[in-house]
Amino acid sequence: MNKKTLEILEYDKLIKLLAEFADSKLAKNKCASLHPLRNREAILNNLTNTSDAVARILADRKVSFGGNRDLTECFKAMDVEASLDIPMLLMVASVSECTQSVKAYGLSNEREDSLKERFEELFPLNELAKEIRRIIVSEEEIADDASSTLKSIRREKVNTTLKIRSDLNKMVNSTYRSYLQDAVITMRNDRYCIPVKAEYKASVKGIVHDQSKGGMTFFIEPAGIVELNNRIHELEVEEREEINRILHNLSKEAAAHSEELKVNQEILTDLDFIFAKGALAIEQEAVMPDYESGEYLDIKRARHPFIDKDKVVPIDILLGEKYTCLIVTGPNTGGKTVSLKTTGLLCAMGQSGLFVPAAPGSMFRIYRDIFAEIGDEQSIEQNLSTFSGHMKGIVNILKEANHNSLCLFDELCSGTDPTEGAALAIAIISRLMDKRATIMLTTHYSELKVFAFNTEGVENACCEFDIETLSPTYKLFIGIAGKSNAFAISEKLGLDTRIIERAKQEMDDTTGDFEDLLKDLEETRKKLEADREEEERLKKEVENLREELAKNNRNVREAKEKILREAREEARNILEDAKEEADEAIKMYNSGMSIQEMEKKRTTLRKKIEDNSSKLRNEEIKADKTGKKVDKEKLKVGDRVKSVSMGMTGEVKKLADSKGKVTIASGIMEFKVSADDLIYAKEEEIKQVTRPTSYASGFSKSATMSPEINLLGLNSDEAVARLDKYLDDAYLSHLHSVRIVHGKGTGALRAAVHKFLRGIDFVSEFALAEQGEGDAGVTVVKFK
């Protein structure tokens, strides 16, 4: 692709930014060589790689490729079987360790993507890396355990050094103490010496290695340690030879894996490059360009990558579908040139396999060439004026452009006579349209605005400018020609109005009418834009309210379900407790428990049942969030209400009596229920067929429940047991009163029945039947 165009679009600056996200020098070099491609399949493959890298970084993290050191010189040495030095071997270990960590990262999950095969092809050389790290401690040190020979040499070297120091210490502290300048041991020419005063030089036998500048001190190696010093030097030579042998063997081992190292380095560099593209995409909040249509540009909310994403004004660019030429007009510094550069740079980014800073769904076309004639082409060296410089570039573009070219022009044919410049610009545009090139240009020429209005395939666009603040908004509007606003800006800046009026008179009527038309169109556009923004705001507000309402409804449903769930759980627990109590009561009865003890147990159990029933009623009322408890004072005959405990809906027939009981009619039945148990019925419940809930299962018995029980022929214990169950059923069936037939006899059965009735909480009163209705042989019981 045209190198000059890439420089104009600041593509090189983008590449430098990309390289900052690469870890290794090799990947940075690969970033530097990146350029836009023309092959569709290659572009899509590169974009897929970038997309998969973005997904992996967001799902986990960005793996480090810093250990991928450049092994180029190492491979050269391996090819000629030369030994590698310590830094080279450490680089081989670093690459091997990087290979291991990167492969572990790539295969840490079962992700199926375009990068998986690359991770699988990596061949970690763990044993080689471990062996290098075992032998080489740092770039200056080989480990003592590198070989047994080296260890032995170094041990002898240490012992010899200790022997030298021991002998010298004796000389310093006793034999030659008075001959010495200082009682120290020093080194000269890598040999141990002592500092002897000049006057005692002859008294100390040995080799003189140095003397002080003033000649007052001679550094003498005493004769007694010469052999020991010689041995130290011999050991140092042996040590170097042994280290060279170790490094040579280690180099041979590394060379045996040279092919694996080359493959690993290539894959690591490639992955580092791909993940750098992914990291750049995340940093720029960029998206994958869509090349599905492949015929036109439809870039949504495009942002220039070098303008702060929190400050940049996104623009929409539609070009190549209904029109192939877009003419952008408007005042200077209004964003026209930035729009050109944004379009060209984003196209180059997509064809380089990079994500683009735009909105999802942005569609791009693959261009064989992108040409840009932007900026001042004046050249003193080549004796070119601004116009000549531009024209030279335009001539080259006209020669090379074709149907697969994107041509970008800033101020086409400016810098010369406006009439001639406008005519030239129209002719150049027409020639490029004949070649079916895609064109985007900026201009101040009114003739080009008219040309766009009158020519099929050409469209006007403008960059908005706020006259009140004298500042651009940088918004790009397609379909409307812009004004240069020279008169308005000059007046705002204080130019004499008489001068402005004289200038207007100098304009021909056609130009003036055209400018007035543009002004009217601009005002209309602003009004439509304001209306659209208000519509969008209201739409968004409605959507937010809808979401909030849906959320509240979900919360209500969840709360109701939770309460009901807890109520059902409580009911289950109650039933289990009741079953346990019943089982215990049966065991007690079978064990011969007395009537008094059984009655006490029954009273306790009944109180527990009543407490739990009240609790369940309250839970039911809490679950019905829309149910409103009745107001005893405002309740009136005819109100539609619902009994929570019974699940029955009915109409109020009689208001609360002295005991707080309200008479309710449901269908053909009437029943009394506590006012505290009532809520106002909802509309849908009024329309539904009345049916009892699980809490009112006893109510279904009321239709068949007998208001009388016959205990004749039973002894006292049997009669009390049967009466207990009967009274429970009768009370739960909401009977107001029952008759107990016990006969007259000796009066023992009647006495046992009356004693039992006195201990029942829900019995309000009982008495013998009236004369003619059973007299002393029947007891009438009324419930609360």
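Just so you know, all these numbers are worked out from the coordinates, no wet-lab data involved. Quick caveat: nothing in here was measured; it's all calculated off a predicted structure. No Cβ is skipped: glycine too gets one built from the backbone with ideal geometry, and neighbour counts run over all protein chains shown.
On full extension of the chain, what length is gained from ASP70 through ALA767, given 0.36 nm per residue of separation minus the C-alpha to C-alpha distance?
Here the segment from ASP70 to ALA767 would lengthen by 239.9 nm.
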Residues meeting the amide H criterion for GLU373 (H placed from the backbone, H to H distance under 5 Å, 5 or more places apart or on another chain) are LEU408, PHE409, ASP410
Which residues qualify? For LEU180, with a placed amide H closer than 5 Å and at least 5 residues away or on another chain, they are LYS197
Short to long, in 5 Å steps from zero, the percent of alpha-carbon pairs of the range 68-160 per bin is 2, 12, 16, 17, 16, 12, 10, 7, 4, 2, 1, 1, 0
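Tally Lys and Arg at +1 and Asp and Glu at -1 over the other residues with C-beta under 10 Å from the C-beta of LYS654: what net charge comes out?
Numbers: positive: LYS653, LYS661, LYS672; negative: ASP657, GLU670.
Here the charged neighbours net out to +1.
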The rounded separation in angstrom of the Cα centers of the range 41-89 and the range 731-745 is 96
Rounded to 0.05, the calculated FRET efficiency for the beta carbons of GLU491 and LEU528 at R₀ = 22 Å is 0.25
Residues of the range 322-361 with backbone N under 20 Å of the label point set 7 Å from the Cα of ARG431 along Cα→Cβ are 324-327
Residue-ordered couplings for the range 201-209, obtained by feeding phi - 60° into the Karplus form 6.51 cos²θ - 1.76 cosθ + 1.60 and rounding to whole Hz (Gly and Pro as x), are 4, 6, 7, 10, 6, x, 9, 7, 9
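For the range 325-461, give the magnitude of the charge dipole about the Cα centre (Cβ charges: +1 Lys/Arg, -1 Asp/Glu; no others), in debye to the nearest 20. Numbers along the way, then the final one.
On the way: 10 positive and 14 negative charges, 100 e Å.
The dipole magnitude comes to about 480 debye.
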Low-density loop trypsin sites (Lys or Arg not before Pro), the range 739-781, at most 16 other Cβ within 10 Å, DSSP non-H/G/I/E/B, are LYS744
Given 159-169, 533-543, the highest-first ranking by average Cβ count within 10 Å works out to 159-169, 533-543
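When you count, for each residue, the other Cβ atoms within 10 Å and take the mean per peptide, how do 273-283, 108-118 rank with the highest first? Please list the in-between numbers first.
Working: 273-283: 22.7, 108-118: 13.5.
Top of the packing list down: 273-283, 108-118.
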Once amide hydrogens are built 1.01 Å from N within the peptide plane, the residues lying 5 or more places from ILE136 or on another chain with amide H under 5 Å from its amide H are ALA143
Computed from the beta carbon distance with a Förster radius of 56 Å, FRET efficiency for ASP210 and GLU253 to the nearest 0.05 stands at 0.80
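Calculate the FRET efficiency for GLU110 and LYS25 from the Cβ-Cβ distance with a Förster distance of 35 Å, rounded to the nearest 0.05.
Details: r = 33 Å, r/R0 = 0.93.
After rounding to 0.05, the efficiency reads 0.60.
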With x for Gly and Pro, the residue-by-residue ³J(HN,Hα) of the range 215-228, computed from phi through the Karplus equation 6.51 cos²θ - 1.76 cosθ + 1.60 at θ = phi - 60° and given in whole Hz, is x, 7, 10, 10, 9, 10, 8, x, 4, x, 10, 4, 5, 5
Dipole check, the range 1-141, charges on Cβ (K,R +1; D,E -1), about Cα centroid: among LEU14, ASN109, ASN126 the Cα furthest to the positive pole belongs to LEU14
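Grab the Cα-Cα distance for LEU549 and ARG133, subtract it from 0.36 nm times how many residues apart they are, and report the gain in nm with one decimal.
Working: separation 416, 0.36 × 416 = 149.76 nm, distance 6.48 nm.
Computed gain between LEU549 and ARG133 is 143.3 nm.
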If the chain between GLU420 and VAL556 were fully extended at 0.36 nm per residue, the gain over the current Cα-Cα distance would be 41.5 nm
Between the modelled labels at GLU283 and ASN715 (7 Å from Cα along Cα→Cβ) the distance in nm is 9.9
In whole Hz, the Karplus estimates of ³J(HN,Hα) for the range 528-545 (6.51, -1.76, 1.60; θ = phi - 60°; x where Gly or Pro) are 5, 5, 5, 5, 5, 5, 5, 4, 5, 4, 5, 4, 5, 5, 4, 5, 5, 5
Of the residues ASN189, ALA202, ASN159, the Cα lying farthest along the dipole of the range 125-215 towards its positive end, which is defined by charges on the beta carbon of Lys, Arg, Asp and Glu, belongs to ALA202
